[in-house]
Structure formats: structure tokens, C-alpha cells
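J.: Below is the structure I would like to discuss, written out as C-alpha cells.
The values are calculated or read from the model by the stated rules, or taken from the named source; none is laboratory data. Every value quoted in this text rests on a predicted model; they were computed, and no experiment measured them. Cβ placement follows ideal geometry from the backbone for every residue including glycine, while neighbour counts extend to all protein chains displayed.
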Amino acid sequence: MPVGTKGGPMPFERFIAKTALSSAIGSGAERPSPFAADEANLVAGAHVYHEQCAVCHGSWGQPASAIALGMYPAPPQLLPPKKGVIDDPAGETYWKVKNGIRLTGMPGFGDSLTDTELWQVSLLLLHAHELTLSAQDALRR
């Protein structure tokens with residue numbers, strides 16, 4: 001069994017992990033955000049992302065960090081020019097940020113971020129390819 005970060009996945013590992021995650025999230029993926037994707041919430045989400053997420057998931061226009069390059073599975077780079085999670089419902093991203101994903105390095109932030117912050121960063125990621133200049137600036141700082 002590969003235990004190092006450079007070992008490939010075991011047979012059926014991706015299938016089992018994806019199936020288990022989809023089952024755990026369930027209908028929570030369709031949960032609508034109680035917040036609007038307005039300028040204030042996107043900029044606030046950018047601040048949360050910059051402080052909590054960028055080290056693994058990348059900064060605006062920057063290459064992956066040494067931490068991200070050493071992780072298995074590799075954390076997805078979530079900001080342009082990468083695709084990110086713009087096609088995932090905000091409720092799905094919210095669930096992942098709140099609860100984390102076991103055995104991936106993705107921590108759960110449900111005990112360290114407020115519910116508002118969780119939604120703001122989820123909205124930011126949903127709208128990552130159409131951010132205003134002020135939200136982009138908050139990500140670049």
C-alpha cells in the first residue's frame with residue numbers, strides 16, 4: 001500500500017472516495033446561500049480565502065506553493081486561470097469548507113470560521129472567473 005505522497009492511488013481508491021464524498025454531501029450540495037454574491041461578500045470571501053486557503057489552493061496568478069506540490073492528492077488550484085469549482089453549487093463548496101475531506105489534507109473550518117465566512121468564501125469560489133477588481137485585489141495582496 002503506497003503511503004508516501006508520491007505513490008499513486010490504489011485500485012478503486014478514486015471511485016470509493018468520490019462515491020463516499022457524494023453520499024456524505026447529499027442534498028447539502030443544493031443548499032442555497034443565504035447571502036448575495038455582492039461586492040461586499042465577495043471581497044470578504046477573498047480575505048478569508050487569502051488567509052485560510054491560498055497556501056494549498058493557490059493565489060491569484062501565482063504558481064502552486066511548495067506545500068501544495070508536496071500533497072497527495074494534490075489540492076485543486078481554485079483561482080483563474082484554473083477552472084476551480086465554478087461549476088460546483090455553492091452548497092457543495094460550503095459543505096467541503098465546513099467539514100473538510102478526510103484523507104486529502106482538506107481541513108474542516110466549521111469550528112474556526114463563522115457561518116458567514118464559510119458562505120462568503122464559497123460564493124467567492126463560485127464566482128472566481130467573474131470577480132470585480134476589488135475582489136481580485138484582495139486576493140493578490
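J.: Filtering the stretch 96-107 down to residues that are assigned to a loop (DSSP other than H, G, I, E, B) and more than 16 Å from Ala29 (Cα to Cα), which residue is modelled with the lowest pLDDT?
T.: Result: Leu103.
J.: If I ask for residues that are of a type in the set (D, E, K, R) and either crowded, with 17+ Cβ neighbours inside 10 Å or in contact with a Lys or Arg (Cβ under 9 Å, 6 or more places away or on another chain) (or both), which ones from the stretch 68-110 would you list?
T.: Listed by number, the residues that qualify are Asp88, Glu92, Lys96, Lys98.
J.: Take residues that are without any contact (Cβ under 8 Å) to a residue 12 or more places away in the chain and more than 16 Å from Gly100 (Cα to Cα) and tell me which of the helices (runs of 4 or more DSSP H) falling wholly in the stretch 28-85 contain 2 or more.
T.: 39-52, 66-69
J.: Where the second residue is crowded, with 22+ Cβ neighbours inside 10 Å and at pLDDT 95 or above and the first is closer than 13 Å to Ala44 by Cα and lies in the stretch 127-140, which pairs have Cβ atoms under 6 Å and are six or more apart or on separate chains?
T.: Note: pairs meeting the criteria are Ala135/Leu42; Ala135/Ala46; Ala138/Ala46; Leu139/Ala46.
J.: Let me ask another. I'm checking my understanding of the structure. Among residues of the stretch 1-27 that are part of a loop (DSSP other than H, G, I, E, B) and β-branched (Val, Ile, Thr), which one is surrounded by the fewest Cβ atoms within 10 Å (Cβ to Cβ)?
T.: Val3
J.: Let me ask you something else. Take Tyr49 and tell me if it is out of contact with any His (no Cβ under 7 Å at 6 or more places or on another chain), under 20 Å from Leu131 (Cα atoms) and surrounded by 16 or more Cβ atoms within 10 Å (Cβ to Cβ). Give the steps one after another, and end with the answer.
T.: Numbers: out of contact with any His (no Cβ under 7 Å at 6 or more places or on another chain): yes; under 20 Å from Leu131 (Cα atoms): yes; surrounded by 16 or more Cβ atoms within 10 Å (Cβ to Cβ): yes.
The answer is yes for Tyr49.
J.: Here's another thing I want to ask about it. In the stretch 1-36, which residues are touching an Asp or Glu at 6+ places or on another chain (Cβ under 9 Å) and among the aliphatic types (A, V, I, L, M)?
T.: Ile25, Ala29
J.: Using the structure shown, decide if Leu139 is more than 27 Å from Val3 (Cβ to Cβ), more than 15 Å from the chain's Cα centre (by Cα) and either at pLDDT 95 or above or surrounded by 18 or more Cβ atoms within 10 Å (Cβ to Cβ) (or both).
T.: no
J.: All but one of (1) more than 15 Å from the chain's Cα centre (by Cα); (2) in a helix (DSSP H, G or I); (3) hydroxyl-bearing (Ser, Thr, Tyr) hold for Thr93; which doesn't?
T.: (1)
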